[in-house]
1. In region 66-81, is there at least one residue being under 15 Å from residue 165 (Cβ atoms) and either within 12 Å of the ligand (Cβ to nearest atom) or under 30 Å from the mean Cα position of the chain (by Cα) (or both)?
2. Return yes when residue 151 is within 25 Å of residue 82 (Cβ to Cβ) and part of a helix (DSSP H, G or I) and no when it is not.
3. Could you list, in sequence order, all residues of region 115-130 that are more than 9 Å from the ligand (Cβ to nearest atom) and either free of Cβ contacts under 8 Å to residues at least 40 places away in the same chain or more than 26 Å from the chain's Cα centre (by Cα) (or both)?
4. Tell me the residue from 581, 612, 664 that is buried (at least 18 other Cβ atoms within 10 Å of the Cβ), in a helix (DSSP H, G or I) and outside the structural domain of residue 429 (by TED's automatic domain parsing), please.
5. If I ask for residues that are modelled with pLDDT of 95 or more, among the small types (Gly, Ala, Ser) and not in a strand (DSSP E or B), which ones from region 407-456 would you list?
6. Considering only region 6-37, state which residues are over 20 Å from residue 114 (Cα atoms) and of a type in the set (S, T, N, Q).
7. Criterion first (in contact with a Gly (Cβ under 8 Å, 6 or more places away or on another chain), outside the structural domain of residue 381 (by TED's automatic domain parsing), closer than 24 Å to residue 665 by Cβ and touching a residue at least 12 places away in the same chain (Cβ under 8 Å)) does residue 509 satisfy it?
8. For residue 36, state whether it is closer than 16 Å to residue 74 by Cβ, small (Gly, Ala, Ser) and either in contact with a strand residue (DSSP E or B) (Cβ under 9 Å, 6 or more places away or on another chain) or not assigned by TED's automatic domain parsing to the domain that holds residue 81 (or both).
Amino acid sequence: MSRSVTVSRDNEIAVVTIDNPPVNALSHHVREPLYAALTELAADDTVRGIVLACAGRTFVAGADITEFGKPMQKPDLNGIVALLETIAKPTAAAIHGTALGGGLELALGCHFRIADRTARLGLPEVKLGLLPGGGGTVRLPRLVGPAKALRMIVTGTPVPAAEALADGLVDAIAEGDLTGSAVAFLRGKLAEGVRPIPVRERNDKLGEDPAAFERAAADLARKARGLEAPLACAESVRNAVSLPFDQALAAEHALFRKLVAGDQSKAQRHLFFAEREAAKVVGIGKDVKAGDVARVGIIGAGTMGGGIAMAFANAGIPVTLLETDDAALARGTGMIGKNYAASVARGSLDEATAARRLALISGTTDYAALADADLIVEAAFEDMAVKRDIFARLDQVAKAGAVLATNTSYLDVNAIAAASARPEAVLGMHFFSPANVMKLLEIVRAEKTSPEALATALSVAKRIGKIPVVVGVCHGFVGNRMLTARSSENEALLMEGALPAEIDRAFTDFGWPMGPFQMYDLAGLDIGWRNRKARGETAALADALCEAGRFGQKTGKGWYAYADGGRTPTPDPDVEALIGREAAARGIARRTISAEEIIERTHLPLVNEGARILEEGIAQRASDIDIVWVNGYGFPVGKGGPMFWAGLEGWQKVRERLAYWHERTGRDAFRPSPWLSGRE
Ligand code: T1G
């Protein structure tokens, strides 16, 4: 027997245990001995039942994603599941932790599934640009019905054990020892003397509610936004209903082979590992101990401060929220209360949880109340003098060892740290609005930030469900600096002939949730206008709209018109006329601009700025930049982030097209970064 698979006996019941830390992925060195063990046990007449269990913290969490893209070594998962279904003796999977993907498919090859109360079961392959390729799309509908199976497979969201029991996915919840419960369960089945039915033969739920299935399938088709996997999932579940089992299974394998070889899945698998890689920071080894964060102080109860307070309270961490006066504090806490009430009204949060979270946030106007905070996040007005004053005051207040973070979205964190007597404790924690929702958290490592402070920020970021990316100090860090580059051609494209709706359409066809002009109208044009004025910059068209009071949705007009104060953008002839006038005044003959040119002139500067950021060491790795853009700005996951997408396009092509546009426009945004020259 191998180290990864062992067999023990509880009298007539054999227990097969998989042990492949950290998540019992079904790597080849697990599959091979597992297949051998099951073959042997199937033929052993002294064995009357088989339990499949896992050591460590979880049942099998899936196929080994690192094996994709390489020749699949036999036995493969499907071979193991097929073997399981030939075993007449009752078999049961004993599930704890998360049975995901190939792990759940392995469990579906068993007659029964016994779960620990805290277990979760799911098929998240769609998040990797795949569909369940181990029979999940054909077996799961047989246990939970097609509509529920479709929802589980297309969302990739696991269900808790209790729900799985109610749905028929799990046969029993273990009370006490999980493996013992599974052994007892099989003994009970043996005593009944009934032939156990393999999942493949259970068809009673397949005809369930076809209308609900079609509604769900139509709904996801609308939301797929160019992603192939969700549509393939629906097709495969539909096959499970309409085709004989083996034909549906063969169709699933064909769809899987197509997806796993496609760019979208390569992009999404890249993001899976990139997200985990981002949390590994040069200089922060496992020896660097993160400080415990039992209480957080937040300075500023505005939109960001309030959202950040909620992010910590949602993770069960008590928050002291400080404002300059009672009125501002009341506004801030009032907004937080409204946000929780809205979640309860929407049904996404129950009353008790909302009340519990709200109770974790206490307001104050007295700095002394921050004295027991292990982490203090400053979310005050975006002004250097204001921030430096706050950090100077914190010297008198913050306890020794407290981490002092600023939420600035682009100011120099070194300059802010210089106002503190403990610069080693200072770093940036750049949340993205709404801070209680957006996953991305840029952690800005200043020159003097200590490894311990950084480790503490990384650790608490994960605790509050954020995806942390460590970045260096520069104007706008990684995300906002690159956003400026991506927007740098907007006015030129408009002057030369493109319309806002055409640019936005090119973006949504590329896979973005919305285009830049819709985004500006949503966020408010006045923000950019104020920033440009502060920096002495102009943007003829955007400034003209602001001077006309067209700030976007909030004023009913911006780049688009919004009828009756609604949110639906309608192209506005007045904007088209403004663009025409400004272009004529500059002697620009407008022309039709293709979507391809729009994407090149917006996305190549984005990639080029990412290359400069890597060249300057502001980001640790190209994949970190992808994680920033996918989680902070909605870059299409099917493209893997700006740097992965550039690789898909071809670095040679990227260099050539940047040089072309640099030659044609002379603008610096296209001057190819030397970092690109080493790319193949
Ligand atoms: N394959 C390979 N490595 C994996 C892995 C996997 N399936 N899952 C996790 N890891 C690594 C991960 O990279 C990290 O490595 C370490 O394990 C801990 O992970 C045929 C085709 C289970 C919820 O999509 O969702 O089955 O950084 O940091 O936060 O139909 O891991 O330490 O070097 O995430 O406690 C389907 C993916 C695969 C589940 C645990 N399964 N994993 O979260 O730990 S495709 C999945 C997760 C498939 C079949 C299809 C999470 C977790 P390192 P971690 P965690």
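The values are calculated or read from the model by the stated rules, or taken from the named source; none is laboratory data. Since the structure is predicted, the reported quantities are computational estimates derived from the model, not experimental observations. Please note: Cβ atoms are built from the backbone with ideal geometry, for glycine as well, and neighbour counts cover all protein chains shown.
1. no
2. So residue 151 does not fit the description; no.
3. Residues of region 115-130 more than 9 Å from the ligand (Cβ to nearest atom): 115-119, 121, 126, 129.
Those that are more than 9 Å from the ligand (Cβ to nearest atom) and either free of Cβ contacts under 8 Å to residues at least 40 places away in the same chain or more than 26 Å from the chain's Cα centre (by Cα) (or both): 115, 116, 117.
4. Step by step, each of 581, 612, 664 is checked, and only 612 is buried (at least 18 other Cβ atoms within 10 Å of the Cβ), in a helix (DSSP H, G or I) and outside the structural domain of residue 429 (by TED's automatic domain parsing).
5. 415, 417, 418, 419, 420, 421, 425, 446, 450, 453, 455
6. If the condition is that a residue be over 20 Å from residue 114 (Cα atoms) and of a type in the set (S, T, N, Q), then 20, 27 are the ones that fit.
7. Judged against the criteria, residue 509 is a match.
8. Criteria met by residue 36.
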